[in-house]
Amino acid sequence: MRKIIIVCLIAAGIILVCLGVYIGIRIWQENQITFTIEDTLPDGKGQKATVILLGGQSNASGCSLDEYLRKNVPAEKYAEYENGYDNVYINYISGSHVSNGFVKCATLQGELDGAFGPELGLAEKLHELYPDRLFFIIKCAWGGTNLFEQWLSPSSCGWTGELYQKFVAFAQANMQYLADKNYDAVIEGMCWMQGESDSFSVEHATGYEQHLSNFIKDIRDKLSQYASSDGIAFVDAFIADNPVYWVYCDDVNQSKVAVAEKSHMNVVIDTLSIGLSCDREPEGNPDMAHYDSLSELKLGHLFAEEIAKFIE
């Protein structure tokens, strides 16, 4: 009898330890969802606004160098980028770089120091197409992150990724802020540049289709109350065709195509046929993992052109 009691106590202790570890992990996860939204906007007075979400890894967070952008465009155009756009604002988490509130979309809002992401080209094209419409970009992206774990969404029936949780919480908090500031803001679409970190193994690359389908479904479900009447368009893009870096890039890109074919609200941009490049900058020692400055700018243009097809 004494032995049975001892065994039961040991078992109970193990259960309590496991429960403690589980609770500790959950608290750790929740504590990672921290951000600040400072009050940076005037009262909207009921003004209509279009919201675009932007997520993914480094080619979304922004690792393209501003110094090359400055060299590659006329001085007048660069000054436009540097000053930002009066009708396009962004609140961003670009890796550890954050804006902590809405600011004009401009240069140097990337993850690396002295870098920018596709938000710059997105803002430029939106300003060109809709000079009188107000836009808000909500960006949460982090370099080197994957869909099979960090961005994994609940419908994949596994660990719900920290970045998925942070992205949703960040989007919800920003939409609530815009409502509190009296903007009539709706989410029209989401731009997604990710998949490189899922191309390192055949298992993760071939599982990308299901995980991406689940991710899109869950994002739409969680943010449906803020969406336009047609729902949230999802605009994806191919990762670079570089098997030295991205071993199973073809599998990831084919998964993106398959997901795009599942709904008229899903789009994938063939960045390969368009010719976006990663092999020119920095000069003499190119960063083959990240888009050159003009290609990153072009990626933003392409996102805007596809999103424009869904704007009401």
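Of all the residues in the range 91-126, those that are under 24 Å from VAL235 (Cβ atoms) and in contact with a Ser or Thr (Cβ under 7 Å, 6 or more places away or on another chain) number 13. If you go through the range 177-196 and keep only what is open to solvent by 10 Å² or more (accessible area, probe 1.4 Å), of a type in the set (Gly, Ala, Ser) and in contact with a helix residue (DSSP H, G or I) (Cβ under 8 Å, 6 or more places away or on another chain), you end up with just ALA185. If you go through the range 70-102 and keep only what is closer than 13 Å to PHE116 by Cα, hydrophobic (A, V, I, L, M, F, W, C) and out of contact with any strand residue (DSSP E or B) (no Cβ under 7 Å at 6 or more places or on another chain), you end up with nothing. For ASP184, indicate whether it is in contact with a strand residue (DSSP E or B) (Cβ under 9 Å, 6 or more places away or on another chain), of a type in the set (Asp, Glu) and on the phi < 0 side of the Ramachandran plot. For ASP184, the condition - in contact with a strand residue (DSSP E or B) (Cβ under 9 Å, 6 or more places away or on another chain), of a type in the set (Asp, Glu) and on the phi < 0 side of the Ramachandran plot - is met.
Scanning the range 130-174 for residues that are modelled with pLDDT under 95 and among the small types (Gly, Ala, Ser) returns a single hit, GLY158. Looking at CYS140, CYS105, just one residue is within 16 Å of the chain's Cα centre (by Cα), more than 30 Å from TYR208 (Cα to Cα) and open to solvent by less than 60 Å² (accessible area, probe 1.4 Å), and that residue is CYS105. The C-beta contact set for the range 87-104 (first residue in contact (Cβ under 8 Å) with a residue 24 or more places away in the chain and among the hydrophobic types (A, V, I, L, M, F, W, C), second residue in a strand (DSSP E or B) and open to solvent by 50 Å² or more (accessible area, probe 1.4 Å), distance under 6 angstrom, 6+ apart or interchain) comprises PHE102/TYR89. So which residues in the range 115-134 are over 18 Å from MET193 (Cβ atoms) and either of a type in the set (Asp, Glu) or part of a strand (DSSP E or B) (or both), if there are any at all? Listed by number, the residues that qualify are GLU128, ASP132, LEU134. Taking the range 50-68 as the range and being of a type in the set (A, V, I, L, M) and over 22 Å from ALA308 (Cα atoms) as the test, only LEU65 passes. If you filter the range 239-262 down to residues that are free of Cβ contacts under 8 Å to residues at least 12 places away in the same chain and part of a loop (DSSP other than H, G, I, E, B), you find that the one that is least open to solvent (accessible area, probe 1.4 Å) is PRO243.
The values are calculated or read from the model by the stated rules, or taken from the named source; none is laboratory data. What you see is a predicted model; the values in this text were computed from it and never measured. Cβ: placed from backbone, ideal geometry, glycine included. Neighbour counts: every protein chain shown. Protein only, heavy atoms only, side chains kept; ligands, DNA and RNA dropped before computing areas. Shrake-Rupley method; radii C 1.70, N 1.55, O 1.52, S 1.80 Å.
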